[in-house]
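Peer 1: Structure incoming, see below.
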Amino acid sequence: MFTLRSSCGPWEANCFLVGAADSDECVLVDVGMDASAAAERLIAESGRTLVAVLATHGHLDHVADAHAVADAHGVPVWIHGADRHLLSDPAAGLGPQMGSLVEALYGSATLPEPAQVREWSDGERLDLAGLSWGVIHAPGHTPGSVLLHAGDEVSSQLFTGDVLFAGSIGRTDLPGGSMERMLQTLRETVVTLPYELQVLPGHGGATSIGRECATNPYIRLALKELSS
Ligand SMILES: [Zn+2]
Ligand SMILES: [Zn+2]
């Protein structure tokens, strides 16, 4: 696998460029705030053709520039249906008080929806940029959060958005968030994944499923709930 990363915007969300080592195509995972220029730089650096923009979830720091980059390259934006409305109505995912911030930043409280939007469903498999992509619905941070499991015969990586970070998890107090559902996602989905699987979160550095299962306090909490 071939992966490049740039952290973008005021909340330092990771934008990834991903493809198979021997492919001349690539996808972008999470093109958020102030991410257009960085995304174009990654595409130029890779020398590859962009075939899709993927969104781990609908929060502004992960999708704000998705429409600009996807439309410029004539490719679709993939997102879970439960978060799709956040592409055009970012304040709906951040709380009403954020409407004025969005307006101050973008000149309007609503953003244009990308020309091509595709919704994925739980368990879907896609072939993109020479890799097989598994889509795992993982609600809790937002209703439409997904884990994206990309790989070939040699290696694989898991893009976790704001579900799972190294040593932490995404907040659950924003609109549509639920700690109960987050703990269920950790317990029923995250801990069942291969321990050696490399995790690339939406913020901060890489980790692995095994390391998080051993040290992440929220996974410990989720499992404790099960045994009590
Ligand atoms: Zn988020
Ligand atoms: Zn985020």
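Peer 1: Just the Cα atoms of region 39-146, one point each, no solvent: what log10 I(q)/I(0) does Debye give at q = 0.15, 0.17, 0.18, 0.19 Å⁻¹?
Peer 2: -0.66, -0.83, -0.91, -1.00
Peer 1: How far apart, in nm, are the 7 Å Cα→Cβ label points at Arg211 and Val154?
Peer 2: That separation, rounded to one decimal, is 2.2 nm.
Peer 1: Once the other residues with Cβ under 13 Å from the Cβ of Ala70 are scored (Lys, Arg +1; Asp, Glu -1), what is the net sum? Numbers along the way, then the final one.
Peer 2: Details: positive: Arg118; negative: Asp30, Glu40, Asp65, Asp71, Glu113.
Result for the neighbourhood of Ala70: -4.
Peer 1: Quote the FRET efficiency, to the nearest 0.05, computed for Ser108 versus Trp11 with a Förster distance R0 of 25 Å and r equal to the Cβ-Cβ distance. Don't jump to the answer; show the numbers that get you there.
Peer 2: Values: r = 20 Å, r/R0 = 0.81.
The calculated FRET efficiency here is 0.80.
Peer 1: Further question: With both bridge residues required to lie in the chain, what share of the DSSP beta bridges run antiparallel, to the nearest 5%? Numbers along the way, then the final one.
Peer 2: Working: 29 of 44 bridges.
About 65 percent, rounded to the nearest 5.
Peer 1: ³J(HN,Hα) across region 128-138 via Karplus (A = 6.51, B = -1.76, C = 1.60, θ = phi - 60°), whole Hz, x for Gly/Pro?
Peer 2: Those phi angles translate into 9, 6, x, 10, 8, 10, x, 9, 10, 5, 9 Hz.
Peer 1: Going from the alpha-carbon gyration tensor of the chain, what semi-axes, largest first and in whole Å, does one get by taking the root of 5 times each eigenvalue? Could you put the intermediate results ahead of the total?
Peer 2: On the way: eigenvalues 132, 103, 41 Å².
In descending order the semi-axes read 26, 23, 14 Å.
Peer 1: Using the Karplus curve 6.51 cos²θ - 1.76 cosθ + 1.60 with θ = phi - 60°, what ³J(HN,Hα) values do you get for each residue of region 166-171, in whole Hz, with x for Gly and Pro?
Peer 2: 5, x, 7, 9, x, 5
Peer 1: Amide H of Ser208 versus every other amide H placed in the peptide plane: which residues, excluding those fewer than 5 positions away on the same chain, fall under 5 Å?
Peer 2: For Ser208, whose amide H was placed from the backbone, the distant partners under 5 Å are Val199.
Peer 1: Efficiency by 1/(1 + (r/R0)^6): what FRET value for Ala44 and Glu180, r their Cβ-Cβ distance, R0 = 41 Å, to the nearest 0.05? Provide the component values of the computation, followed by the final result.
Peer 2: Values: r = 44 Å, r/R0 = 1.07.
Rounded to the nearest 0.05, the efficiency is 0.40.
Peer 1: Within a 10 angstrom radius of the beta carbon, how do Phe2, Phe16 rank from fewest other beta carbons to most?
Peer 2: Values: Phe2 16, Phe16 24.
Lowest count first: Phe2, Phe16.
Peer 1: Would you kindly derive the ³J(HN,Hα) couplings of region 110-116 from the backbone phi angles with the Karplus curve 6.51 cos²θ - 1.76 cosθ + 1.60 (θ = phi - 60°), listing them in order in whole Hz, with x for Gly and Pro?
Peer 2: 10, 10, x, 6, x, 4, 10
The numbers here are math on the coordinates, done by the rules we state, and not lab data. None of these values were measured; they are calculated from a predicted model. Virtual Cβ from ideal backbone geometry, glycine too; neighbours counted across all protein chains shown.
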